[in-house]
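All remarks here apply to the structure that follows.
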Amino acid sequence: MNAVRRITELVLSLAFLALIALGFIYLFVPKTFSNSKSDNTDNEQHISRTYTQVNSGEIEHTTKIQGVVCSEYESGTKTIELNGISSKLIKIKVAVGDRLSPNDILYTYKNKGKTCGCNCQIINIIRKKITGEKNKENVYIELLDYDALYISASIPVKEIDQFKKNIPVKVIYNNTDYVSSIYYFGFNVDNEMLPVKLKLPIDLYPGTVVSLIFTTNVVKSGLYVPEEFVFAEDGEYYVYKCNDQQSEESEKTKVKVGISFVETEDGDSVKYIEILSGVSDGDWIVSEHMTLSSSKLKENLKNE
């Protein structure tokens, strides 16, 4: 009986120690008791696929540069000087702020009218009597000659072959687009940039900064796809090509890319990538988006 009792006490002691050990394990390593099936569910990756076709259409290659409004006059304005004329015989026909056309009369002298000869705005009028001479004065009419204004800009000299005098140039000022063109190329290169002059399509003051978009080339039947469908690896670009918009299988295909550009569609801006080779018009490509289940995603975000 004593032997049986000793064995029973030993078994109970071992069981008690085992329970204590399990308690410590649960306390410090709880994942040991987690359900493996639950783990697989939490770590499951979900794949969502987006399909599109390779588009074909006109692609404009553009270069954006800043320009500034300048005047052919060093001071920015033109001044008409009338020295030693009779105060009784001259009549000024304009006032400061007036806008004039080339045939508008500035003043009359001895009943003969003098036109301004340009599209301009009167900036200032000064009349000074000549000391010691009766009824004699000097008259200064300062005007802003809009015909003498132009846009000054600089273009990359290495791309000079793409900048022709007749290429369209979009002038953007105050969120409004205007059309201009290059009429003069400079000859002094500074920091690999060459100065050019463009026609001023609207009346602006000297010193005004504008944005210029030069259309250097137009590809009539270029290929392009949304940016999200192109990815890079080791300096090369690829897409996943598939048979149609329901394919679950795709082929990693190397492509050569050109420019990127933005188009506005239904009020939204979409960025596209020009494709120079690797796919054809109408080919289907797919973009796969990998997502993790909520608990695993939260864990990843927490660890970032």
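The values are calculated or read from the model by the stated rules, or taken from the named source; none is laboratory data. Since this is a predicted model, take the numbers as computed values, not measurements. Neighbour counts run over all protein chains shown; Cβ positions are idealised from the backbone, glycine included. Just so you know, the surface numbers come from the protein's heavy atoms only, side chains and all, with ligands and any DNA or RNA stripped out. Shrake-Rupley method; radii C 1.70, N 1.55, O 1.52, S 1.80 Å.
Determine if segment 154-165 includes at least one residue that is outside any loop (DSSP other than H, G, I, E, B) and of a type in the set (Asp, Glu). Spell out how you get there, then give the answer.
First pass over segment 154-165, keeping only residues outside any loop (DSSP other than H, G, I, E, B): 154-162.
From the residues that got through so far, the ones that are of a type in the set (Asp, Glu) too are 159, 161.
The answer is yes; a qualifying residue exists.
Would you mind telling me which numbered condition in (1) more than 30 Å from Glu263 (Cα to Cα); (2) open to solvent by less than 80 Å² (accessible area, probe 1.4 Å); (3) at pLDDT 65 or above Leu19 fails?
Failed condition: (2).
Identify, please: which residue in segment 158-186 is open to solvent by less than 80 Å² (accessible area, probe 1.4 Å) and of a type in the set (A, V, I, L, M, F, W, C) and is, among those, farthest from Val196 (Cα to Cα)?
Ile172
Looking only at segment 77-112, which residues are in a strand (DSSP E or B) and in contact with a Cys (Cβ under 7 Å, 6 or more places away or on another chain)?
Scanning segment 77-112 gives Leu100, Leu106.
Being under 12 Å from the mean Cα position of the chain (by Cα) and either closer than 19 Å to Glu236 by Cβ or open to solvent by less than 70 Å² (accessible area, probe 1.4 Å) (or both) is the filter here; which residues of segment 258-278 pass it? Spell out the reasoning first.
Step one: list which residues in segment 258-278 are under 12 Å from the mean Cα position of the chain (by Cα), which gives 260-263, 269, 271.
Result: Ser260, Phe261.
Does Lys136 satisfy the criteria of being surrounded by fewer than 17 Cβ atoms within 10 Å (Cβ to Cβ) and free of Cβ contacts under 8 Å to residues at least 24 places away in the same chain? Working first, answer last.
Values: surrounded by fewer than 17 Cβ atoms within 10 Å (Cβ to Cβ): yes; free of Cβ contacts under 8 Å to residues at least 24 places away in the same chain: no.
So Lys136 does not fit the description; no.
Those residues that are over 25 Å from Ser48 (Cα atoms) and either in contact with a Gly (Cβ under 9 Å, 6 or more places away or on another chain) or assigned to a strand (DSSP E or B) (or both), I need them from segment 232-256; list them, please.
The one that is over 25 Å from Ser48 (Cα atoms) and either in contact with a Gly (Cβ under 9 Å, 6 or more places away or on another chain) or assigned to a strand (DSSP E or B) (or both): Lys256.
Given the criteria open to solvent by 50 Å² or more (accessible area, probe 1.4 Å) and aliphatic (A, V, I, L, M), does Ile155 qualify? Can you show your working first?
Values: open to solvent by 50 Å² or more (accessible area, probe 1.4 Å): no; aliphatic (A, V, I, L, M): yes.
In short, no.
If a residue must be within 15 Å of Gln66 (Cβ to Cβ), within 21 Å of the chain's Cα centre (by Cα) and surrounded by 12 or more Cβ atoms within 10 Å (Cβ to Cβ), how many such residues does segment 194-222 contain?
Result for segment 194-222: 6.
Cβ-Cβ under 9 Å, sequence separation 6+ or interchain: first residue in segment 81-95 and within 14 Å of Lys112 (Cα to Cα), partner at pLDDT 95 or above and in a loop (DSSP other than H, G, I, E, B). Which pairs?
Within 9 Å, the pairs are Lys93/Asp104.
Of these, Phe214, Phe187, Phe229, which one is free of Cβ contacts under 8 Å to residues at least 12 places away in the same chain and aromatic (Phe, Trp, Tyr)?
On the way: Phe214 fails: free of Cβ contacts under 8 Å to residues at least 12 places away in the same chain; Phe229 fails: free of Cβ contacts under 8 Å to residues at least 12 places away in the same chain.
So the residue among Phe214, Phe187, Phe229 that is free of Cβ contacts under 8 Å to residues at least 12 places away in the same chain and aromatic (Phe, Trp, Tyr) is Phe187.
Check Gly76 against each of (1) at pLDDT 95 or above; (2) open to solvent by less than 60 Å² (accessible area, probe 1.4 Å); (3) within 29 Å of Val209 (Cβ to Cβ) and name the one condition it does not meet.
Of (1) at pLDDT 95 or above; (2) open to solvent by less than 60 Å² (accessible area, probe 1.4 Å); (3) within 29 Å of Val209 (Cβ to Cβ), only one is false for Gly76: (1).
Report yes if Lys271 is modelled with pLDDT under 95 and farther than 27 Å from Val225 by Cα, otherwise no. Spell out how you get there, then give the answer.
On the way: modelled with pLDDT under 95: yes; farther than 27 Å from Val225 by Cα: no.
No, not satisfied.
Sort out which residues of segment 223-235 are open to solvent by less than 70 Å² (accessible area, probe 1.4 Å) and in contact with a strand residue (DSSP E or B) (Cβ under 7 Å, 6 or more places away or on another chain), and write them in order of number.
Matches in segment 223-235: Leu223, Tyr224, Val225, Pro226, Phe229, Val230, Phe231.
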